[in-house]
Each structure stands twice: as C-alpha cells, then as structure tokens.
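**Q** Dropping the structure in here first, questions after.
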Amino acid sequence: MDGLSALEDALRRDFSLLQFPTRSWVKPRESRDGRPISNVLIVGAGQGGLALAAGLAREKVDRVVILDQNPLDHAGPWLTFARMHTLRTPKHVTGPDLGLPNLTIQAWYEAQHGSGAWQSMELIPKETWAAYLAWYRQVLELDVRAETRVLKINWSAGENAFEVVARSGGVMQTHLARRVVLSTGIEGSGSWHVPGFIRDALPSHLYAHTRDDIDFAALAGKRVGVLGAGASAFDNASVALEHGAAEVRLFFRRDELVKVNPYRWAEFVGFLKHHGDLSDADRWRFVRQIIRMGQLPPADTYARACRHERFHLQPGSPWQQVESLGNALRVETPRGTFELDFAIVGTGFITDLSTRPELGDIYQHMALWADRYTPPPGEEHADLARHPYLGAGFEFTEKNPGSAPWLRYLYNYTFGCLLSLGFGGASISGMKYSVPRLIAALTRSLFEEDKDHFFASLVNFEQREF
Ligand SMILES: Cc1cc2nc3c(=O)[nH]c(=O)nc-3n(C[C@H](O)[C@H](O)[C@H](O)COP(=O)(O)OP(=O)(O)OC[C@H]3O[C@@H](n4cnc5c(N)ncnc54)[C@H](O)[C@@H]3O)c2cc1C
C-alpha cells in the first residue's frame, strides 16, 4: 500500500504541475425549474466512460456524470462474461492513462508488486485490469452512479438539453444534460446476436450465447458444440472442457483458422490517429479489409483449448440447419451431421441502432453509412452499412439534415464508431488517440455554443493588473 500511496502522491503532483489553465469555464445551466443541467452525461462506466470523464476533468469541464447499470466497478465484461484468463491486448498498450505515466496500469501494478513482477507478467489478467479501472475511478474521484440503467434519451427543446430517463433501485430518474456520450460497450451500437435459424429451432435450454451466463458445471459429460472461431468462442470452449465436457466441437465457416490479426497491424499512429480523417471510400476499404481478414483467438487462448484431447476443430462447417431432439440437438453442416447436448453460440454482436432501447425514440434520425456511401461492387457489407455515419468528433449526424440538429450533441463511443473513426470506443488500442479526439470535440462544442457568453465576458472583463 505504501507503493500505491506514493504513486497517488506522484499523480497528484503531476496534476498540479500540469493544471494550467486552472479555471472551470463551462457556463453553468439550470433547468426551467431550477435543477442543475449536467454539461456531459456519459452512459457507461467502463474504461471508455472513465477515461472520458477523467479527460474532461483535466480540461476543467465540471458537471460530468457517469451512469452505469452494473454494480460499482463491475462495468464491462471483465468480471462477468469474459471467460479468458488475460486481456488479449499486449500489456504495453496504454489506453486510459491520458498520457500521464503515473496513471498507467504499469505504474499502478509496479507500485504494488514491483517492476520485476510486471516484467515477468506476460499478459494482464482480466481481474487485474478491472482492479486498475476501480483504482482509476477512485483516485480520480469520478462521479459514477452505478446500478442506474438509462432507458430513454430524448431531446427537450424547452430545456435545450437532453432528457435522459433512467432507473436505479426501482426509482425513475430524469437527468438533463447538454451533451451525452454513449460509452455503452462493444455492442453499444447494436446487440449480441443469436442467428434466427438457431433461435427459432431450439428451446432456450439447449443453447446460450457467449455473452450469457452459462452453467458450465452442468456441461460435465456432455457433447458441446461451439459456433464461431473468435476469441470468445475459444474461451467458452475451454471453460466447458475444464468443467469436464465429454467433447467440445468448434465449428467455423472458413477452411482453416485465421492466423493473422489485423488488429496488431492497426497499432500504429497513422491508422489509430487518422483513419477518421480519410475519405469515405478509403475508410470503407480499410475497415472492409480488416473485417475480411477475420478475427482469431490469441495464441494462449488457442493453446488453452487445444491442449484437451476432447477438443475438436470443425473447419468448413457453418451450421446450415439445427434441429431440436428434446434434450439434445442435431446440427447439419456441409461436412456432416452432429448430435450435441448443448450449443454455445459465439457469433458476437450485430450493429443495429434500432435494437438499443435507450435510442428507441431517436435512432430513426441518425445517418448510417448506408445513407451516405455506396461501396464498389463486391465490397458490400450489411453490418458495416448499418454503422452510424459519425462526424469527426464521434458525434451522430442527421439522416435528413435539419430534422434533428441536436444530434450533433450526442456522441457514439462504442465499437459502432469503427468505420467512421477506426479503433475508438470499446478497444484499449484505440484509446490513446480517440479519447483526446472526443474530448476536443466536446470542449469545442460547449465553447462554440456559448461563444456569445464568452465574448460578453471578455467585453466586461475588468480584472486590473495594477
Ligand atoms: C469478452 C471480451 C474480451 C475483450 N477483451 C479485450 C482485450 O483484451 N483488449 C481490448 O482492447 N478490448 C477487448 N475487448 C473489447 C473492449 O475493450 C471491451 O469491450 C471493453 O469493455 C470496452 O470498454 P467500454 O468502456 O467501451 O465498454 P464496457 O466496458 O463494456 O462498459 C460499458 C458499460 O455501459 C453499460 N451500459 C450499457 N448500456 C447501458 C444503459 N442503457 N444504461 C446504463 N449502463 C449501460 C454496460 O453495462 C457496461 O458496464 C473485449 C470485449 C469482450 C466482450
């Protein structure tokens, strides 16, 4: 603990050395009935929401609040449905630290365990990442309202602000905010997805999505089928094997597993910082290629499953049909038919703003890539076409210009920003450049909106020098 308090002292010193300009500057606003209006309301207290709030505090933007439906310090997948042992990202990838060495996970870890321990750690355990985020929230005193679910976001012309309806502990709340940031996670622009042909054919006791709570102990002695070859599919296959599943077959479409990770290619300044500055055609071709190259399990995740003799890879085997057999299921693939006792669906999430309850009243106003860009023949991609067509600062844009001008005050910091802005929300690798980009967009928007107020404050400025 001594190491940690010394680090916190050093961090406080960093902040005091770097505090210029010191003045809180955003013009406070009250509602018509005298309630304070937040300057920025962030939905989601994961790494993204926390880093944004920390960045805003550094830019002296006050009245920032974070709402999260999960219990405190349990945001995101790390302590719930993530079933890997460690982060997939290499440990040297910095993210929420805002460029402050004493705010990095390495500094925090070494302060407690010594540099030797950090050197000998290959990848960061997911619980360690969650603990770092909890410390980050505490040491920066970020205002997180946990166990608070945002139900609806609407624009109130009367208040010239967003009305954010939430529920916490069964009590309804209405928050007013000038700017709202959706930092709602990797699936925040859509939803976790079970293909319809599976959902329609199987009773719920025969399958689960990798996002779901799964009773792995009940899979002991069972024949388990996993659909998908991404990291989560392999993680769940391993947990089923480690709980004694009789066999686990992992089915995937390609003839062989992807071995090259385009995310590692993407980790350079040019792409991380400037993908968002490219033309529509260039942005589409880069992201279309990343998607085409596919996702894969990290080496340790792959090895974790393959060390089990009861594990079988099923390449070239997309599920063409599934059938319930009561307490078992039959799966038909181009390479044969399999009888299984349980299916784990590792098909990830889809991008579809209409599936977000909190956007239920407003998503129809939002421009999508399908509204703005037509890819060359052969380069089409249904999910990318549903990505929101965001502005350079992560702000939503109008499908029909003039119909919802307030959309420019609503920001998307989820994985749904991939096509518009590259690795922004919901990826540690993208945070170094995406957090400052979004912070700059927010401070610019607040300054611009109140420019007359600021000009008046200049005209009336009377602080005498002597
Ligand atoms: C299993 C898994 C493993 C991953 N591993 C890595 C990795 O190793 N490296 C990497 O860079 N990325 C990884 N990612 C991707 C990404 O970094 C994580 O998803 C990360 O959690 C994203 O952080 P975030 O702050 O954007 O969202 P999250 O951490 O998901 O936080 C968003 C929060 O918003 C809350 N929320 C959503 N909607 C509402 C609402 N309406 N009201 C209130 N709260 C709401 C959610 O409950 C959640 O707590 C992984 C993703 C998954 C799913």
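**Q** For the chain, what is the accessible area per residue in Å² when the probe is 1.4 Å?
**A** With all protein chains present, the chain gives 46 Å² per residue.
**Q** On C-alpha positions alone, give me the angle between the axis of helix 126-139 and the longest principal axis of the chain, in degrees, nearest 10.
**A** That works out to roughly 10 degrees.
**Q** Here's something else I'd like to know. Roughly speaking, what is the stretch gain from Gln321 to Glu141, that is 0.36 nm per residue apart minus the C-alpha to C-alpha distance, in nm to one decimal?
**A** Going from the current span to full extension adds 59.6 nm.
**Q** From the P(r) of the chain, could you give the percentage of C-alpha pairs in the tail past 27 Å?
**A** 59
**Q** Compute the length gained on full extension between Arg372 and Ala303: take 0.36 nm times their separation in residues and subtract their Cα-Cα distance, giving the result in nm to one decimal.
**A** My answer for the length gained is 20.6 nm.
**Q** Which distance in nm do the two modelled labels at His205 and Arg58 give, with both placed 7 Å along the Cα-to-Cβ direction?
**A** 5.3
**Q** Given just the C-alpha atoms of segment 54-111, how large is their convex hull per residue in cubic angstrom?
**A** Measuring per residue, one finds 119 Å³ for the Cα hull of segment 54-111.
**Q** If I model a spin label as a point 7 Å beyond the Cα along the Cα-Cβ vector, how far apart are those points for Ala157 and Gln289 in nm?
**A** Calculated label separation equals 4.7 nm.
**Q** Still on this structure, please answer the following. For the cross-link pairs Lys152/Lys273; Lys91/Lys222; Lys126/Lys273; Lys60/Lys432, which exceed 29 Å when the distance is taken from alpha carbon to alpha carbon?
**A** Beyond 29 Å between Cα atoms: Lys152/Lys273; Lys91/Lys222.
**Q** Next question, about the same structure. Which loop-located trypsin sites (Lys or Arg not before Pro) does segment 10-53 contain, where loop means any DSSP state but H, G, I, E or B and the Cβ has at most 16 other Cβ atoms within 10 Å?
**A** Sites meeting the loop and neighbour criteria: Arg23, Arg32.
**Q** For the chain, take the longest principal axis of its alpha carbons; what is the angle in degrees between that and the long axis of helix 2-17, to the nearest 10 within 0 to 90?
**A** On a 0 to 90 degree scale, this one is about 40.
**Q** How high is the relative contact order of segment 308-418, in percent, counting Cα pairs under 8 Å that sit 6 or more residues apart?
**A** 16
**Q** Right, here's the next one. For segment 1-40, what is the Kirkwood estimate of the hydrodynamic radius, computed as the reciprocal of the mean inverse distance between distinct Cα atoms, to one decimal in Å?
**A** By the Kirkwood definition, the hydrodynamic radius is 13.2 Å.
**Q** Hey, got a sec? Which GluC sites (Glu not before Pro) in segment 305-394 land in a DSSP loop and have at most 15 other Cβ atoms within 10 Å?
**A** Glu309, Glu379, Glu380
**Q** Select from segment 267-304 those chymotrypsin sites (Phe, Trp or Tyr not before Pro) which occupy a DSSP coil region and have at most 12 other Cβ atoms within 10 Å, ordered by residue number.
**A** The qualifying sites are Phe268.
**Q** Pairing the Cα long axis of helix 280-293 with the longest principal axis of the chain, what angle in degrees results, from 0 to 90 and rounded to the nearest 10?
**A** That works out to roughly 30 degrees.
**Q** For labels at Thr80 and Phe15 in the simple 7 Å Cα→Cβ model, what's the distance in nm?
**A** With each label point 7 Å from Cα toward Cβ, the separation is 2.8 nm.
**Q** Another one. Determine the equivalent ellipsoid of segment 338-428 by diagonalising the alpha-carbon gyration tensor, then write out the semi-axes as square roots of 5 times the eigenvalues, largest first, rounded to whole Å.
**A** 27, 16, 14
**Q** Another question about this same structure. Using packing as a proxy for protection, rank 157-167, 68-78 so that the peptide with the highest average count of other Cβ atoms within 10 Å comes first.
**A** The most tightly packed comes first, giving 68-78, 157-167.
**Q** What percent do you get for the relative contact order of segment 144-206 when only Cα pairs under 8 Å and 6+ apart count?
**A** For segment 144-206, the relative contact order is 20 percent.
**Q** From the mean inverse distance of alpha carbon pairs (Kirkwood) and the Cα radius of gyration, derive Rg over Rh for segment 97-237.
**A** With Rh from the inverse mean 1/r over Cα pairs, Rg/Rh is 1.06.
**Q** Ignoring ligands, DNA and RNA, what percent of the accessible area of the chain is carbon or sulfur (1.4 Å)?
**A** Ligands and nucleic acids excluded, carbon and sulfur give 52 percent.
**Q** Which of rounded, prolate or oblate describes segment 391-466 when judged by the alpha-carbon gyration tensor and an a/c cut-off of 1.5?
**A** Note, shape of segment 391-466 comes out oblate.
The values are calculated or read from the model by the stated rules, or taken from the named source; none is laboratory data. These numbers come from a predicted model, not from an experiment. Neighbour counts are summed over all protein chains in view; Cβ atoms, including those assigned to glycine, are modelled from backbone coordinates with ideal geometry. Each accessible area value is taken on the protein alone, full model and side chains, heavy atoms only, with ligands, DNA and RNA left out. Shrake-Rupley method; radii C 1.70, N 1.55, O 1.52, S 1.80 Å.
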